[in-house]
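This report concerns only the one structure given below.
The values are calculated or read from the model by the stated rules, or taken from the named source; none is laboratory data. Quick caveat, the model's predicted, so the values are computed rather than measured. Heads up, the Cβs are rebuilt from the backbone with ideal geometry, glycines too, and the neighbour counts pull from every protein chain shown.
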């Protein structure tokens, strides 16, 4: 446990503790160090930096993962994370729709399918997520 | 001239009239209809939608184009556009740095090189861009 | 209902009314405007343009989606669409095989798996698709 | 000199002997075997197959390389090749525009810039390429 | 049966005869020639070249397929192939972790999930794979 | 100066001190923290791990960057780095050629062009790089 790791864990609690907890648990038997890096570098180093609020950071991540189109599990985690830090569903949908311009309609369609799944899961849990 | 085109042109004036003007001019002799689509769909339809402010839209676009890594000219236009709609240089740099997490260090390095070039060009023009 | 939308719907009927109908229905509760854009821009604007016949347009789309490798649901829709507009199975297979040259053997292998699934579904429906 | 190589060379003569000749020459001192593979596999094996005419093959290649967006030199060669096998400029432009739907507007814009350059070079050489 | 095909089959026996056998069998009814190309070019031509040992070739392939992120079935085949040619599990994990630097954390996470699946399958078969 | 940074710098000296020094210098005025991350995470954390030797790590990186095709400056740095850690030119060429199988011929061709440039630069400097 070092300072970067602790800072990363605190940041993760703000975003999506459960989802990342699952990822870290899944890595324990195959690459435990990578689980540590995942907490330390993206969350302890990058997301903890001043200069860009968490709302904008989640907008950026949802945009990038939708555009790349090859990281569906991570896109779903970060759509959930966007809800957690206060992005509205409408904002998330808008970001994904906008990706049709930069990465094509299939990327946006697949991103919308991911959002639909995440939104439904949130509702099933009775979570009161941000209203549209 | 239709409603979508006019709405797109107004939106473009808020973002980066000069850069997009150059793009549209370059298309006149080879694909003038595509110049029209470029105004109508991305700007007249998408960027003109409510539900996400222009600041967040530019954050999303800079993120996606940095992550994709294959559209350097368009990334530069939208870094300029991000400055125009009020993103600070610090916010732009943060978005690009964050892409190291999602698309790798080379994508972030090439994004930072693009930002450096755009910032320098803005200074050379004596434009008072957003302060860090 | 505007002119672009109506033209797009007519074009879609030529390509794959059922598949796109499903996509549009799926979008109704999450992003109904995007369903409209999907009809208007790709099909009302682009596919309706003169200068390239639908046969060549489907060849181009199957090639691109096979090469990108990140849009499997859309690739399957457009393999079905290629059959609908008169491409033979042999032509579709040839396009996908050719992508081994430009995007690698895995892209072609995954494209062939998609084609196999679409061809089998067409046969199960008793559709007399183009013979090889 | 084997049968595949000879068949590949004949096919290349139909497409763009000069451009591929340059590529092969460039490879002689660094990877001469790869120059041979380039003639044998893509052109001796794939492009020589029946079942898809050269016109459709060039449509497919221009589509894929525009969509991938990371192979500008090869896209230019194949835009030239498309002209050589009888694709009109209009058809080439249509294929590239269509890629905005599947890979985003930046991919199409960069593809159009490549086409503009190739068309200009053809005109400078006094070649009477296919008219629009 | 030609020389390249026979050489390719021998090379495949060293890497992962079963997995590639399945792929070739799957192609028989849809694209039998592509099954032949798959043996001839990648394995008969490329993997059979001197100058790079099979261990390094599998390191390179696992790296590339992890980074591309769009060819999960082929990545799994080549993780198995890496074990077959004597790469240790530790080496495979290290290569995949390293891809976080070049293609982002999601690419590495999805690569690790693929490795976990392949390693578990190998253990279930009672194969004594390379120890970590 | 922390332990990870120092370890990263030592590792970089083994790979390509000059090239990375230039990158770090270029970042000083725009994103100095990113220069620090670049030393700390890829080189202080990842490349310094046991379990995979530097030779294999450079093979993996050259493979991935050739396959991705969108990071030409970084590919050149790591081709130079591969020479520094003892990869022969022949091994580097083999890795790049192999990428034709996984990412297509254009990716391999552009990788070979990068290698040609790096090899020529090394010769011009009178460096006795690894012999073929």
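The residues of segment B:25-40 that are surrounded by 13 or more Cβ atoms within 10 Å (Cβ to Cβ) and free of Cβ contacts under 8 Å to residues at least 12 places away in the same chain, listed by number, are B:26, B:27, B:30, B:31, B:33, B:34, B:37.
Taking residues in segment C:104-132 that are over 12 Å from residue E:27 (Cα atoms), and partners anywhere that are modelled with pLDDT under 95 and not in a helix (DSSP H, G or I), the pairs with Cβ atoms closer than 6 Å and at least 6 places apart or on different chains are C:122/C:129.
With respect to the conditions (1) without any contact (Cβ under 8 Å) to a residue 40 or more places away in the chain; (2) within 16 Å of residue A:53 (Cα to Cα); (3) surrounded by fewer than 24 Cβ atoms within 10 Å (Cβ to Cβ), residue B:43 lacks only one, and its number is (2). Yes or no: segment C:120-131 includes at least one residue that is part of a loop (DSSP other than H, G, I, E, B), closer than 30 Å to residue D:44 by Cβ and within 14 Å of chain E (Cβ to nearest Cβ). Among the residues of segment C:120-131, not one is part of a loop (DSSP other than H, G, I, E, B), closer than 30 Å to residue D:44 by Cβ and within 14 Å of chain E (Cβ to nearest Cβ), which makes the answer no.
Working only within segment F:1-24, note down all residues that are under 17 Å from residue F:86 (Cα atoms) and crowded, with 17+ Cβ neighbours inside 10 Å. Within segment F:1-24, F:11, F:12, F:15, F:16, F:19 meet the criteria. Of all residues in segment E:12-57, those satisfying the criterion of being modelled with pLDDT under 95 and under 30 Å from residue E:90 (Cβ atoms) are E:12, E:13, E:14, E:15, E:16, E:17, E:18, E:19, E:20, E:21, E:22, E:23. Which of the residues that make up segment D:47-69 are under 16 Å from residue C:53 (Cβ atoms) and surrounded by fewer than 18 Cβ atoms within 10 Å (Cβ to Cβ)? Result: D:53, D:55. Of the residues screened, residue A:112 is not one that is over 15 Å from residue B:95 (Cα atoms) and more than 14 Å from chain C (Cβ to nearest Cβ).
Counting residues that are within 8 Å of another protein chain (Cβ to nearest Cβ) and within 12 Å of the chain's Cα centre (by Cα), which helices (runs of 4 or more DSSP H) fully inside segment D:1-104 reach at least 2?
On the way: elements: D:3-15, D:17-27, D:32-38, D:54-68, D:72-84, D:89-103.
Counting at least 2 such residues, we get D:54-68, D:72-84.
Return yes or no: is residue B:107 in contact with a helix residue (DSSP H, G or I) (Cβ under 9 Å, 6 or more places away or on another chain), within 14 Å of chain D (Cβ to nearest Cβ) and either under 22 Å from residue A:103 (Cα atoms) or in a helix (DSSP H, G or I) (or both)? When the stated conditions are applied, residue B:107 passes them.
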